[in-house]
Every structure is written in structure tokens, then in C-alpha cells.
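Participant: Have a look at this one before I ask anything.
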DNA sequence: ATGAAAGCGCTAACAT
DNA sequence: ATGTTAGCGCTTTCAT
């Protein structure tokens, strides 16, 4: 690359000062038509593009907002099947492929963020935290942007506190942190699971349930489990132990679940904390010859696309993921405009498909 | 927001020089343990985060790469259905919903780019060009990054030329531009359509075909059409006129197509230039009571998710979209490392589903 | 309408 | 191990 020309180069070549070149880009009307054209020529011939870095430094802002997401894509199940190079055009039958886990929650939220950024003409800087310590650090992203949207993450409260002091932030699907001026958008997890459980009871007459998930301190897990317990209690059904599963997505779930299957008889329904967990559960049972939903119902939570592509399709609670993203951007804009941090809870929908027996 | 503390503030409070503070962040080992802790304390209490802008300016690079994409999301069909706030948990039946156009080509490519960025620990700055002149300008994105990946766009050759002089760029699904040091990744469009047409001939015995698309100068359109014509010629079938459709995605296609339906009898098969076009065609025909694939076969090109969710599911040529994105990042990295611009063509797969009659 | 010059916050020689 | 200081490329008063 030819080393980048600067304002000085342009100014010199055009026989004007750097101030005039700067004006040419920021407010052309303040430059006389004749100098305007001569600067334009120089810009073309030099291939000059103003440095966003220097501009931002002088303006004291980057002009970009940040999204901190997670990159959970090592496993095959996240990767799009791709043909080997060289051969002709291979014919494939997707019914024999494993359902790919894309797009997931984070991808749909990103979509919403993207939408608002397009409208607001704001470039978005995305940083992904890898599972294994890969990806970039939150700080690294934070210093590049004027405001941050955080997807649920394991991150220290100190880091959060440090960053929240100097820049607007909005969390998606995380509980508001008392004392920190950080906005948040969540969904009504409890109501969602409640509606789901009532559907299983009322429409299918189920009486025995098991909640399956990876116990964490995360808001969504806690609330969904609470919704499960409340709904059962309300129906006069006793609350069973949680069936714990591993954390590495579908595979981990499947292995942990095979163990569970050997221990106790099946309930009427497995209510899973997420769609990904439910997909693992279904896979584990199909591997054992147990039929879903004939032998047992299985439900999820989230509304990811894979839940529609799998067999049987997954009855679940659908979050307005895209709206979560859009709302996060709006709340962030408010905060960047000096308004206070707000906390919003969005409604969910019950998506009745096959895995519940419907 | 408390106005941001700077290195000077930290240095002063810790009783050291700014150079030491800088070293503390960039190479802690070069700072003695005792000063290290005292700096750490000051950083915490001040809430100091280094400015990426100033750092980048001094280092002469942003440390981020850019993706210029398109934001084609005004229409309903791109938006995730979302519940009205306030009500309880609404129950939905997705079979009555229109298939949402997400994720599309650009989203899958983004996914691939994302994957490589996570591995490379590189933040990604994305800019979207809106359809109606919304979104951000390519220049705006360009000045913020060290290298650019371009999705297919309408953009002036001058802009491209200007930018390509000073920074590495890679185009996805666009023809290499002679004389410009811009890398590119494409897929084998001709082979893909060829395989598709042969499938229709061999497996289904079809003899009359029509190519449906929006004629443009874009590489993908030209190559796909060429593949269509070559395959027919090879089979001794005469090549018909192209059926032209509008440009606004599914809706535009449908309207243009209704017009077509009134004019001539149906062929055995409509070979569409893209999945989105095919979805519009199917919708138009279903609106007329024409059955797919019973009355006529319809095929697409791309392999977007909506093609699997629609009824009948869409027989199509699947591009390795994620791999396109990953490859683009790799080529860009090469160029940023000083290597030359390369041009790669990736293979495609034939995804046989229902809409061809299988 | 244009110019001169002082920052913006950090890094990286070069010194000590 | 730490400090001094000259940039990095742009914006923006304040003059003219």
C-alpha cells in the first residue's frame, strides 16, 4: 500500500491550508467553489481518505457503537456444511444433515442491532468473546466505541463497573445492576414458561414434568426455572428436581442426558431451559429409540431457527430477539444523548409446534 | 459520563510518567511489580480505559477490519414477527406466518467473517448501505479500518479505485477488476446452474424451461444465466427469453410474475436466478392456484434458510456462504501482510428438495 | 474565504 | 526500570 496521504499532503498540493481541506470535507459550503474543485482534484490524484482515527481523536468520539457478543463456533454443529474443492457439483440431501445451529440468539439480536444502525447511519463494531479465551477482550472493544451493547457474558463485575463509569452501556437479557448506570432489555421469561407449562397441562393432560438445563446464575435460567416451578405449584403439581446438563451446547447436553435416561423413568414432558438444550435432549432420546412426542414431550425456549428445521419441530417460547437488539440500540442512543439508563421487559410468544404432541 | 481520564491523569496520580503507564498496558513485564500495582489502583479508581483512537493514531493502524454490507430490511418480510407489548403470552401458529427472509446471503457471509475474526481476535466494523441512500457511505467505513471486505454493491468505480490505492480490499461475489489490486472470492455459478438443469432434465424429464431473474450486470446473474443457456444448448434444447422480474425482493417478483402468467403457457420448470426470486415465483403461482411442483417445477440459487422453511421446500444450488466469508477474511489478511491480491472460486452443491418434484 | 497554531491522547525512540 | 519528548493526522478557535 502506498503510505497514506494526509491533510498536509493535500493542503500542500492544493496550495491551501489544512484548515481549508478539513472544511472541504466537513462543510463544503464554507469553501469557495474554485478551491473546492482544486482540492477535489488533489484528493483524487493522491487517493486521500481522511483518517477516522485522527478525526475521532480531535472530535473526542469514535462515531461507532459496539456490540460484545460471543463466538460459540468451534463445533461442527455451528458450521455450514461446505463442499470439498475440486470435485464437480455434489448433490446433497439435507435430511441426512444435522440441523445447523445458525442463526442462534446472538445472531438474531445482532440482526436487530444492525437494522437500527442502518437507520441511524452508525457503523457497528462487533467483538466476539471466544469460549476458550479466544476472541477479543471487552476492554479492547470498549475503547473503540462511544457506547456498548452487551450480550449475556461471564464477565467480572469490576470490568463492568470500570467501563460503565465512562461510557454508556446496555445489557441484553441480563438483570439490571443496582447502582450501575447500565440500561437493560430482557424478556418475560417467567410468563413464557408459565404459558408453556399450562399448555402441556391443559392441551395434553400432562402431569409429570422435568426441568432440564444447565444451572447458572444467569437471569434467564433463574427466571425460566422459577416460571416452571410457579406454574406447577399453581396447578397443584409437586416440583421435581432439575435435570442438570453439561454446558457445551447440544453435544454436552446429549451426553449428560443419556446418563439421566438410565436413572429414572420418563416424565410426561421435559421442559428445557433453552432450544439448544431441547435439541440435545431430543437427539439423546432418539438415539435411545425413545419417540418424541409419542413417548415424551419436549419443549424449548428461545425460538431459534433450528427448532423449526428439526424433526419433530420444537414447541417453544419465542423471544422477540430482533426487537431485543433494536431496543438495545434505542436505549443506548438515549443514554448517549444524556438520558438515564432504562430497563425494559419485552413480551414473548408461545410457538406451538410438534414436539409437545400438537 | 464523567469525562474520560487520560494517560496524563493516571501518570500524575500514580507518580510515574506516561511512558510507564503506556508500558503497563502494552507490556506489563517491563514495569516493576510495585509500580504495576500502584498504576492498577489508579486505573481502577479513575476508571481509566486507554483511548483506541489515540492509540491507533500513534500506531498508524486501527486494528479492525471492515465489512461493507447491505441493509435490505425495510419490508415486513425481513422483520421478525414480534408480539404487541402489554398482552399476556400470545399463542402463535407459524404455519400461517409468511416465511421470514432471514438469514439471507449477507447474513451467512457475515457469519463466516465473524468466525475468522473471533479466531484472529480482530474486532469487525460493519457498515450497511441502505437501499434508499440510507446507511453509511463506503468512505465512512473505509477510514475506520485497516482493510475492507465488500459484499456486492452498486458503487462507483472511482470510489473503489480511490480506496483500493491505500488499503487492502477483498470483494465477495464480484468479478476481479483488471488493474486494481483487489482480491475476490466467488462461487462456481455456471457449474451450479448446469447441474441443476441437468437434474431437471435427467431426473424429471423436463424439456421446456424459463430463466427468471432481474437482469443486472452483476457477476452472479450473468454467470447463472450463462450456465442455464449452456446446459440447455448442450442438451439440444433451444434457449428461451429471460423472464424479467422487479427488484424489490419477493413482493416485486410476485407482481411481475403475475403479469408473466397471463401471457404464456407454463414451461416444465422455472429456473430462478436466486432463492428470493424463486420464493416470489412460488408465491405468485400459489396465489393463482397453480401447484408447485405438480404443475410446474421451480428452482432457486443460494441456499438461504427460507428455502427450507417454505412449502414446498426449494430445490436450489447451495453456495458455501459461510466459507465465502471466511475466505474473504483470509485473503484480506494475506493482503494486509503484504501479499498480493488473489482470486478464488469456490464450489457449490445441489440441494435437492421438493420444489423440483423430488 | 482562508490561515496559523494549539490541542486531542497515546506510543516509541532515545536518554538516564 | 523509568522519564522526556516528538510525533501521529485531524479539528477548531482565533486571526486576518
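Participant: With respect to the numbered conditions (1) within 30 Å of residue A:139 (Cβ to Cβ); (2) in contact (Cβ under 8 Å) with a residue 12 or more places away in the chain, which one is the sole condition not fulfilled by residue B:155?
Facilitator: Here residue B:155 meets the rest and fails (1).
Participant: Starting from residues that are assigned to a helix (DSSP H, G or I) and free of Cβ contacts under 8 Å to residues at least 24 places away in the same chain, keep the ones in region B:11-21 and report whichever is farthest from DNA strand D (Cβ to nearest atom).
Facilitator: Here is the first cut: in region B:11-21, the residues assigned to a helix (DSSP H, G or I) are B:11-14, B:18-21.
Next cut, free of Cβ contacts under 8 Å to residues at least 24 places away in the same chain only: B:11-12, B:18-21.
Working: B:11: 7, B:12: 10, B:18: 5, B:19: 3, B:20: 4, B:21: 8 Å.
My answer is B:12.
Participant: Looking at A:94, A:41, which one is at the interface with another protein chain (Cβ under 8 Å from one of its Cβ atoms) and either farther than 29 Å from residue A:308 by Cβ or away from DNA strand C (no atom under 16 Å from the Cβ) (or both)?
Facilitator: None of the others qualify; the one that does is A:94.
Participant: Being assigned to a loop (DSSP other than H, G, I, E, B) and surrounded by fewer than 17 Cβ atoms within 10 Å (Cβ to Cβ) is the filter here; which residues of region B:217-230 pass it?
Facilitator: B:217 - this is the single residue of region B:217-230 that is assigned to a loop (DSSP other than H, G, I, E, B) and surrounded by fewer than 17 Cβ atoms within 10 Å (Cβ to Cβ).
Participant: Right, something else. Might you let me know whether region A:203-216 holds any residue that is more than 30 Å from residue A:266 (Cα to Cα), touching a residue at least 40 places away in the same chain (Cβ under 8 Å) and either surrounded by fewer than 21 Cβ atoms within 10 Å (Cβ to Cβ) or not assigned by TED's automatic domain parsing to the domain that holds residue A:106 (or both)?
Facilitator: no
Participant: Another question about this same structure. For residues that are more than 7 Å from chain B (Cβ to nearest Cβ) and part of a helix (DSSP H, G or I), scanning just region A:109-139, find the one that is farthest from residue B:304 (Cα to Cα).
Facilitator: Taking the candidates together, the pick is A:138.
Participant: Restricting to region A:97-108, give me the number of residues that are at the interface with chain B (Cβ under 7 Å from one of its Cβ atoms) and either assigned to a strand (DSSP E or B) or over 17 Å from residue A:300 (Cβ atoms) (or both).
Facilitator: Total satisfying the criteria: 0.
Participant: Out of A:79, A:7, A:113, which single residue is over 28 Å from the mean Cα position of the chain (by Cα) and surrounded by 18 or more Cβ atoms within 10 Å (Cβ to Cβ)?
Facilitator: From the options A:79, A:7, A:113, the qualifying one is A:7.
Participant: Name the residues in region A:27-43 that are in a helix (DSSP H, G or I) and surrounded by 13 or more Cβ atoms within 10 Å (Cβ to Cβ), would you?
Facilitator: Taking region A:27-43 first, the residues in a helix (DSSP H, G or I) are A:28-30, A:33-43.
Result: A:35, A:36, A:38, A:39, A:40, A:42, A:43.
Participant: Considering every residue within region B:90-105, establish whether at least one is in contact (Cβ under 8 Å) with a residue 60 or more places away in the chain, touching a strand residue (DSSP E or B) at 6+ places or on another chain (Cβ under 7 Å) and surrounded by 21 or more Cβ atoms within 10 Å (Cβ to Cβ).
Facilitator: Among the residues of region B:90-105, at least one is in contact (Cβ under 8 Å) with a residue 60 or more places away in the chain, touching a strand residue (DSSP E or B) at 6+ places or on another chain (Cβ under 7 Å) and surrounded by 21 or more Cβ atoms within 10 Å (Cβ to Cβ), which makes the answer yes.
Participant: Would region B:58-78 turn up any residue that is over 30 Å from residue B:140 (Cα atoms), facing chain A (nearest Cβ under 7 Å) and either touching a helix residue (DSSP H, G or I) at 6+ places or on another chain (Cβ under 7 Å) or not in a helix (DSSP H, G or I) (or both)? Give the derivation first.
Facilitator: As a first pass, look at region B:58-78 and keep what is over 30 Å from residue B:140 (Cα atoms): none.
No; the residues of region B:58-78 include none that is over 30 Å from residue B:140 (Cα atoms), facing chain A (nearest Cβ under 7 Å) and either touching a helix residue (DSSP H, G or I) at 6+ places or on another chain (Cβ under 7 Å) or not in a helix (DSSP H, G or I) (or both).
Participant: Could you identify the single residue in A:24, A:8 that is assigned to a helix (DSSP H, G or I), near DNA strand D (Cβ under 7 Å from one of its atoms) and away from every other protein chain (no Cβ under 13 Å)?
Facilitator: Details: A:24 fails: near DNA strand D (Cβ under 7 Å from one of its atoms).
When all the criteria are applied, what remains is A:8.
Participant: If only one of A:71, A:52 is modelled with pLDDT of 95 or more and either more than 12 Å from DNA strand C (Cβ to nearest atom) or surrounded by fewer than 12 Cβ atoms within 10 Å (Cβ to Cβ) (or both), which one is it?
Facilitator: A:52
Participant: Is it fair to say residue A:32 is more than 10 Å from chain B (Cβ to nearest Cβ), within 16 Å of DNA strand D (Cβ to nearest atom) and more than 24 Å from residue B:56 (Cβ to Cβ)?
Facilitator: In short, yes.
Participant: Just to verify a result, which residue in region A:235-252, among those that are more than 20 Å from residue A:153 (Cβ to Cβ) and touching a residue at least 40 places away in the same chain (Cβ under 8 Å), is farthest from the chain's Cα centre (by Cα)?
Facilitator: A:251
Participant: Then there is this: Failed condition for residue A:302, given (1) at positive phi; (2) more than 14 Å from chain B (Cβ to nearest Cβ), with all others met?
Facilitator: (2)
The values are calculated or read from the model by the stated rules, or taken from the named source; none is laboratory data. What you see is a predicted model; the values in this text were computed from it and never measured. Cβ sites come from the backbone with ideal geometry, for glycine too, and all protein chains shown count toward neighbours.
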